[in-house]
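Here you go, one structure.
The values are calculated or read from the model by the stated rules, or taken from the named source; none is laboratory data. Quick caveat: nothing in here was measured; it's all calculated off a predicted structure. Glycine also receives a Cβ, built like all others from the backbone with ideal geometry; neighbour counts cover every protein chain displayed.
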């Protein structure tokens with residue numbers, strides 16, 4: 001009975017364990033040769049989509065990533081985890097630097113309409129820019145309901161119940177499909193992309209939808225002026241006294 | 001559970017009776033406690049604590065998928081990649097189709113490569129005669145060499161004469177990690193299936209004892225050894241020939257040395273700090289060893305990359321001949337490519353290593369390094385290593401430690417943040433990380449030895465020789481004494497502990513693939 005289709009957006013970011021180094025000219029961070037991997041929250045989103053497919057509530061999962069050629073590896077990982085198709089929106093490396101949530105949200109909105117999906121899943125934020133905006137903006141462009149910071153997602157017919165982690169505790173929403181959901185940490189524990197799946201994903205990745213979607217051009221609304229380490233404010237930490245109460 | 005109990009001494013047996021309720025939940029390895037003092041369980045890895053008798057693993061599907069290839073290569077360093085590339089080059093030239101699979105424990109090719117490096121392009125040029133056009137990152141030719149003995153404040157210059165191994169004319173300074181990444185790209189474009197992030201954890205054997213292939217590591221095991229919901233078995237990669245190019249002190253190679261007795265006629269291997277550096281038998285049914293794993297490093301020249309590459313190339317050529325020969329008759333299901341060792345002995349690698357074979361052992365004499373230098377000057381430079389004798393090493397590295405009571409502790413000055421740095425911030429620079437919820441991959445055959453032997457006799461050398469601060473002796477929460485704490489996440493995969501442990505109790509096995517250092521272009 002599952003006719004639902006899901007679009008999962010994944011981002012290729014610098015691996016969380018790597019020590020970040022700022023470029024000497026302070027225009028950004030060193031990314032050349034540095035280990036990259038899928039954004040951890042995006043992994044959680046992919047895992048949720050795959051679980052829904054295993055429960056036979058979702059029929060097809062499309063993984064999409066915007067960025068330079070190396071994003072193909074990220075899409076391949078998503079395919080190995082269980083996505084059916086991958087779409088790579090190719091952005092030349094020079095322009096990729098100016099790619100921000102607004103541009104990506106536009107792309108995702110266009111793709112969601114083009115592919116006629118019912119559910120758009122994303123990670124709540126990327127660990128490199130910490131913007132936490134793409135999911136929300138995508139919902140805005142599509143004029144769809146959104147359930148962000150999801151710690152539980154339950155599909156109920158033509159609606160989706162989303163339990164959200166908010167500052168005051170937990171909030172439960174019921175959204176009419178189609179909807180946008182962003183994944184928070186406790187939604188699930190992502191599976192490993194095992195070698196047999198990666199081997200199988202190879203042919204899948206090249207066979208299908210890896211054409212760059214012809215979507216709106218990237219006009220950069222904002223430009224990064226500089227990037228550097230936080231300034232040492234020179235304030236000493238208060239000595240912690242060992243006080244036994 | 002009952003069988004090992006019979007071997008225990010009475011008080012321990014009574015302990016077990018008292019712990020009757022917990023008995024069923026204690027995996028087999030806990031029964032190795034041989035004294036009444038409680039030894040905290042450290043090792044939970046399944047290579048030490050078997051899973052087939054562990055109650056937590058009941059009902060877990062342990063089936064593995066298998067893939068068939070012609071050649072499987074373990075390790076994507078200079079040697080492994082050279083072999084892979086050469087195999088595909090030969091296949092293309094002779095229009096044959098062979099499937100070559102390459103597994104590498106690092107998350108990306110080059111992330112675990114650590115070397116100077118000053119590359120002698122000899123091996124590389126045989127692989128890529130047109131490397132300049134292809135854009136290989138050999139950008140810095142050596143222009144000048146200076147050799148000196150450093151004293152506390154001065155430098156005594158030592159002349160480098162042409163013909164001495166330290167002479168670097170014609171060599172290139174490279175970032176070996178970048179070179180290895182570049183080779184990885186070339187390999188992929190030639191059609192090699194490269195799989196970074198997957199560690200080969202187990203050697204597989206045919207019934208006749210020849211090597212069948214390798215299996216990648218299982219994933220999804222908790223720190224205490226129990227399965228997680230995401231548990232999945234590794235993949236078996238079967239091949240006609242398996243090439244082991246694991247690098248210095250590879251853990252699978254260690255198993256193979258024992259199984260096939262490959263080190264029967266050679267000296268124990270000596271190391272710097274377990275990263276680089278007496279050549280064993282190199283082939284066995286179903287596989288062979290290349291690169292720094294058996295060790296082709298030219299010590300006085302301080303270069304091993306070129307010989308590693310050449311060993312990879314020769315291995316590929318020998319294997320290719322066997323794979324494509326029409327009337328192949330093999331006694332074993334896994335092919336035994338003895339031609340590789342013969343070809344290596346006829347090549348420039350052997351000649352080069354033969355001429356310098358005595359230089360490292362000559363440093364063991366009374367005059368130490370100076371004796372070594374004098375020896376080099378006379379016997380290498382003048383006589384070109386033709387002397388009829390071969391000096392021996394002093395024995396394996398792990399036997400060299402003296403008991404702590406015979407030594408005075410060295411007072412090291414505190415790191416000053418300018419030319420010396422503290423250990424943990426240096427480890428952080430390597431970017432090393434492992435999934436924290438997995439069994440520690442630094443396994444102990446006997447959990448009681450670190451405190452009972454290493455600490456009591458040698459004052460716990462593992463807390464000093466590990467460059468990443470993995471081993472710590474922390475005071476027990478109750479009472480006197482210490483226990484060993486293994487911070488497996490810090491491990492930089494150097495294998496020093498496996499090499500240097502005086503009790504040879506530590507067995508380094510591979511962690512979940514993708515973990516480990518993330519060197520960039522080292």
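Evaluate the following for residue B:479: is it within 14 Å of chain A (Cβ to nearest Cβ) and either in a loop (DSSP other than H, G, I, E, B) or under 13 Å from the mean Cα position of the chain (by Cα) (or both)?
no
Going by the conditions given, is residue B:220 within 13 Å of chain A (Cβ to nearest Cβ), over 23 Å from residue B:292 (Cα atoms), surrounded by fewer than 22 Cβ atoms within 10 Å (Cβ to Cβ) and at pLDDT 90 or above?
no
Return the total of residues in segment B:391-424 being at pLDDT 85 or above and within 18 Å of residue B:471 (Cβ to Cβ).
Residues that pass the stated criteria total 3.
If you go through segment A:16-51 one residue at a time, how many are away from every other protein chain (no Cβ under 14 Å) and farther than 24 Å from residue A:120 by Cα?
Residues meeting the conditions: 6.
Out of (1) touching a strand residue (DSSP E or B) at 6+ places or on another chain (Cβ under 7 Å); (2) loosely packed, with under 14 Cβ neighbours inside 10 Å, what's the single condition that is false for residue B:57?
(2)
Among B:40, B:50, B:78, which is the only one that is in contact with a helix residue (DSSP H, G or I) (Cβ under 7 Å, 6 or more places away or on another chain) and more than 30 Å from residue B:137 (Cα to Cα)?
After applying the criteria, what remains is B:50.
Could you list all residues from segment B:482-509 that are more than 14 Å from chain A (Cβ to nearest Cβ) and part of a loop (DSSP other than H, G, I, E, B)?
Matches in segment B:482-509: B:487, B:493, B:494, B:495, B:501, B:502, B:503, B:504, B:505, B:509.
As an exercise: evaluate residue B:64 against (1) assigned to a loop (DSSP other than H, G, I, E, B); (2) modelled with pLDDT under 80; (3) surrounded by fewer than 17 Cβ atoms within 10 Å (Cβ to Cβ) and give the number of the one condition it does not meet.
For residue B:64, the failing item is (2).
Then there's this: Which of the residues belonging to segment A:13-29 are part of a loop (DSSP other than H, G, I, E, B) and under 26 Å from residue B:436 (Cβ atoms)?
If the condition is that a residue be part of a loop (DSSP other than H, G, I, E, B) and under 26 Å from residue B:436 (Cβ atoms), then A:15, A:16, A:17, A:18, A:19, A:20, A:21 are the ones that fit.
Which residues, counting only those in segment B:161-179, are crowded, with 17+ Cβ neighbours inside 10 Å and more than 11 Å from chain A (Cβ to nearest Cβ)?
The answer is B:164, B:165, B:168, B:171, B:172, B:174, B:176, B:179.
Quick check on this structure: which one of B:448, B:456 is away from chain A (no Cβ under 14 Å), under 24 Å from residue B:47 (Cβ atoms), touching a helix residue (DSSP H, G or I) at 6+ places or on another chain (Cβ under 9 Å) and surrounded by 11 or more Cβ atoms within 10 Å (Cβ to Cβ)?
Every option except B:448 fails the conditions.
Within segment B:53-63, how many residues are within 14 Å of another protein chain (Cβ to nearest Cβ) and either in contact with a helix residue (DSSP H, G or I) (Cβ under 9 Å, 6 or more places away or on another chain) or closer than 23 Å to residue B:508 by Cα (or both)?
The qualifying residues number 0.
Looking only at residues in segment B:88-108 that are at pLDDT 90 or above and within 14 Å of chain A (Cβ to nearest Cβ), which one is farthest from residue B:430 (Cα to Cα)?
Per the stated criteria, the residue is B:99.
A further question on this structure: Regarding segment A:53-65, can at least one residue be identified that is touching a helix residue (DSSP H, G or I) at 6+ places or on another chain (Cβ under 6 Å) and within 14 Å of another protein chain (Cβ to nearest Cβ)?
Checking segment A:53-65: not a single residue is touching a helix residue (DSSP H, G or I) at 6+ places or on another chain (Cβ under 6 Å) and within 14 Å of another protein chain (Cβ to nearest Cβ).
Quick one: which of A:116, A:110, A:124 is within 29 Å of residue A:154 (Cβ to Cβ) and under 14 Å from the mean Cα position of the chain (by Cα)?
Exactly one of A:116, A:110, A:124 is within 29 Å of residue A:154 (Cβ to Cβ) and under 14 Å from the mean Cα position of the chain (by Cα), namely A:124.
When residue B:186 is evaluated against the numbered criteria (1) within 14 Å of chain A (Cβ to nearest Cβ); (2) on the phi < 0 side of the Ramachandran plot; (3) surrounded by fewer than 24 Cβ atoms within 10 Å (Cβ to Cβ); (4) in contact with a helix residue (DSSP H, G or I) (Cβ under 7 Å, 6 or more places away or on another chain), which criterion, by number, is the only one it fails?
Going through (1) within 14 Å of chain A (Cβ to nearest Cβ); (2) on the phi < 0 side of the Ramachandran plot; (3) surrounded by fewer than 24 Cβ atoms within 10 Å (Cβ to Cβ); (4) in contact with a helix residue (DSSP H, G or I) (Cβ under 7 Å, 6 or more places away or on another chain) one by one, residue B:186 breaks only (1).
Next question, about the same structure. For residue B:237, which of the numbered conditions (1) within 11 Å of another protein chain (Cβ to nearest Cβ); (2) surrounded by fewer than 24 Cβ atoms within 10 Å (Cβ to Cβ); (3) under 30 Å from residue B:309 (Cα atoms) fails to hold?
Condition not satisfied by residue B:237: (2).
I'd like the full set of residues that are modelled with pLDDT of 85 or more and more than 8 Å from every other protein chain (Cβ to nearest Cβ), limited to segment A:1-15.
Once the filter is applied, which keeps residues that are modelled with pLDDT of 85 or more and more than 8 Å from every other protein chain (Cβ to nearest Cβ), segment A:1-15 yields A:4, A:5, A:6, A:7, A:8, A:9, A:10, A:11, A:12, A:13, A:14.
Condition first: surrounded by 24 or more Cβ atoms within 10 Å (Cβ to Cβ) and touching a strand residue (DSSP E or B) at 6+ places or on another chain (Cβ under 6 Å). Now tell me which residues in segment B:67-87 satisfy that.
Within segment B:67-87, B:71, B:72, B:73, B:74, B:76, B:80, B:83, B:84, B:87 meet the criteria.
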